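The values are calculated or read from the model by the stated rules, or taken from the named source; none is laboratory data. Because the structure is predicted, anything quoted here is derived from the model rather than measured. Virtual Cβ from ideal backbone geometry, glycine too; neighbours counted across all protein chains shown. Note: accessible area is taken over every heavy atom of the protein model, side chains too, but ligands, DNA and RNA are not part of it. Shrake-Rupley method; radii C 1.70, N 1.55, O 1.52, S 1.80 Å.
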Amino acid sequence: MTENVDTIRRQDGWARTFGGLVLVVWSTFTGFGVVIPVLPRLVTQELDGSAGLVGAAFATAAVVALLLRPFGGQLAQRFGTRWAMTLGGVIAIAAGAAYAPPLGAPGLLAARVATGAAEALLMTAGSVWAVALAPEQRRAQVVGWYGLAMWGGLATGPLLGEVAFRTGSYPLVWVLAAALPALALLVLRGMPRGEGGDEPVSSRLLPRAAVLPGLALAGGGFGYASVTSFGALAMTDRGIAGGALLLSLFGAAYVVVRLLAGRLPDRLGPKPVILASAVLEASGLLLITLADRWWLAALGALVAGGGFTLLYPALALIAIRTAPPAERGATLGAISSFLDLSIGVAGVVGGVVADVSYAAVFGLSSALALIGAASGFAAYRRS
C-alpha cells in the first residue's frame, strides 16, 4: 500500500513539474510571437527600412537559434536545466525590452539576436528536462507534448500582438514582449532545480547520435516549409481560392494527431512510426502536387500534417537511446537545428524550383520525406 502511494506521489510530482515546464515555454514563446505581425510595420513605417531588413530581422533570430541549440543543451547538462532556462528567460526579457528604445536598425537586429539566443536556451534546456522527467514508457509522448507548447505560443502570440498593436500601438506590444517571459520566470522560480549539473558533459556540439535522426527530420521538415511558403501561391497559380487555409489545416492535423496519438512511438517503437509518418507526409504532399480542386489540396495538407507530427518524437526516442549521457543535451539541440536548417534551405531551394513549377516543389518535398525515412531507419539500426 505504501509503495502504491509513493508511486502516485512520484507520478503527480513529474506531471506538475512538466505542466510548469509547458507553461514556461508557452508563455515565453507567446512573448516572442507578439512581435511577429508588428516587425514588418516597424521596419517599413518607423525605420524607413526595406523588405530586405524585414527578412534579415526574422532570419537573424532563426540563425542564432540554429547555431546555439546544441550549446544550450550543454549548458543545461553542465549547470542544470532550470539554470539554463532562467538564463534564457532573462535574455528573453531583455530582448522584449530592447525593441522599445529608438535605436534604429542596429537596435532591432540586437533584439533579434537576443531572441534567438533565448529561444535556443529555453527550448533545448526544457527538452532535456522533459526527457528526464518522463517515465521511460512515455518519453516520446512527453517530448511531443512539450514541443506543442512552443507551437502553441507561436500561434497565440501573433494574434495577441495584432490586438495589442491596434489597442495601444507599439508600446503595448513591447510591454507584452517583455512581460510574458517575466511571467514565465516567476513560474520557473517555483519549480524544482531541474536535471543536470552533476555529470560530466561532452564539448561536442554535433554528436554522432544527432546526425541520422537530424537528416530524417530535415527530410520531413522540407515539406512543412513548402506548405508554409508556397501552399497559398501554388493554389493561386492554379486559380483555386482558399490556399492560405492549407497551412492552418496542416497545423491543425499536426496538433490533434500529436495529442491523440503521441504514445504510438512508445508503444510500437520508433521504426513503424517513422515509416507511417514518411508515407503519410509524402502522400499528402503528392496530393497537393496533383490537386486541381481545393478539397483535394486540403485533404493533402491534413494527411501531411498528421504524418509529419509524430516524426520528431520517434526520432528523439532513438537519439535518447543512442546518445551517451554526456552528449544527450547537445544531441537534442542538434536535431532541432537540422529542422531549422531544413526550413531555411527549403525557402531558398523551393524558391528556385517554384520559378519552374509549384507542383515540382511539392513533388520534391514528397520525395525528400521518403528519403528522410531512410536516414531514420539507419538511425534505428544503429540504436
- Filter segment 292-303 for residues that are small (Gly, Ala, Ser), crowded, with 23+ Cβ neighbours inside 10 Å and out of contact with any Phe, Trp or Tyr (no Cβ under 6 Å at 6 or more places or on another chain) and give the result. ALA297, GLY300
- Query: Looking at segment 203-255, which of the residues that are basic (Lys, Arg) and not in a helix (DSSP H, G or I) is most open to solvent (accessible area, probe 1.4 Å)?
  - Reply: ARG204
- Task: Can you run down the residue pairs with Cβ atoms below 9 Å, 6 or more apart or on separate chains, where the first is in segment 139-157 and within 21 Å of ALA61 (Cβ to Cβ) and the partner is open to solvent by 30 Å² or more (accessible area, probe 1.4 Å) and of a type in the set (Phe, Trp, Tyr)?
- Result: GLY147/TYR312; LEU148/TRP26; ALA149/TRP26; MET150/TRP26; GLY152/TRP26; GLY153/TRP26; THR156/TRP26
- Item | The listed residue being among the basic types (Lys, Arg) and in contact with a helix residue (DSSP H, G or I) (Cβ under 9 Å, 6 or more places away or on another chain), out of ARG263, ARG293 | ARG263
